[in-house]
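The structure appears right after this line, and notes come after that.
The values are calculated or read from the model by the stated rules, or taken from the named source; none is laboratory data. Computed from a prediction, not measured in an experiment: that's the story for all the values here. Cβ coordinates were reconstructed from backbone atoms using ideal geometry, including for glycine residues, and neighbour counts include every protein chain displayed. Side chains are part of the model used for accessible areas, which takes the heavy atoms of the whole protein and leaves out ligands, DNA and RNA. Shrake-Rupley method; radii C 1.70, N 1.55, O 1.52, S 1.80 Å.
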Amino acid sequence: MGLVFTKNAEMVISFAKEASETLGQGTVGTEHLLIGCLWEKEGLAARVLQENGVGQDAIEKLIEDTMIPEPFWKSGDESEFTPRAESVLERSHKEAARFKADKTGTEHILLALLKEQDSVAIRLLSSL
């Protein structure tokens, strides 16, 4: 498709990897992409989440309370994405193309997350 991520969307992905490591997870899942959207405070996704009462602390607490650390899943220095998280990132490019955007932004990642109905991120959002 040829679309690339905006600087803010790249930060979301970077923050998602960092969140995975910080929370003791060996893979980057949809829940980490959600946290990445919140940690990256300048993008449209962060504003939409905050305006709808989704807070970083609440999401992180839910993850800590419900997820089991998986530090042994890591292979190498980089965290790997789960198949569902990969699907979300691929879908985010499709969302950007659908809106005729030049680049894939945080809002496209959030849209793709919201459309991935059977994901940890959606379950976390539903819990709030």
Would you compute, from DSSP H runs of 4+ residues alone, the mean residue ellipticity of the chain at 222 nm, taking -39500 (n - 2.57) per run and dividing by the full residue count, rounded to the nearest 500?
-19000 deg cm²/dmol
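When ligands, DNA and RNA are left out and all protein chains stay put, how many square angstrom of accessible area per residue does the chain have with a 1.4 Å probe?
Accessible area per residue: 55 Å².
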How large a share of the accessible area of the chain, in percent, is made up of carbon and sulfur atoms when the probe is 1.4 Å and the other protein chains stay in place?
52 percent
Relative contact order of the chain, defined on C-alpha pairs under 8 angstrom at six or more residues apart (%):
35 percent
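Tell me, in nm to one decimal, what length is gained between residue 100 and residue 126 on full extension, where the rule is 0.36 nm per residue of separation less the Cα-Cα distance?
6.4 nm
Could you list, in their original order, any pairs among 17/61; 7/41; 17/115 whose Cα atoms are separated by more than 19 Å?
Numbers: 17/61 17 Å; 7/41 12 Å; 17/115 21 Å.
Over 19 Å apart, Cα to Cα: 17/115.
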What nm value, rounded to one decimal, do you get for the distance between residue 87 and residue 23 when each label is placed 7 Å out toward the C-beta?
1.8 nm
Relative contact order for the stretch 1-49: what is it in percent, counting Cα pairs under 8 Å that are at least 6 residues apart?
36 percent
Electrostatic dipole magnitude of the chain [Cβ: Lys, Arg +1; Asp, Glu -1; Cα centre; debye, to 20]
520 debye
Residue 25's amide H: which non-local residues (gap 5+, or another chain) put their own amide H closer than 5 Å, with H modeled 1.01 Å from N in plane and none for Pro or chain starts?
70
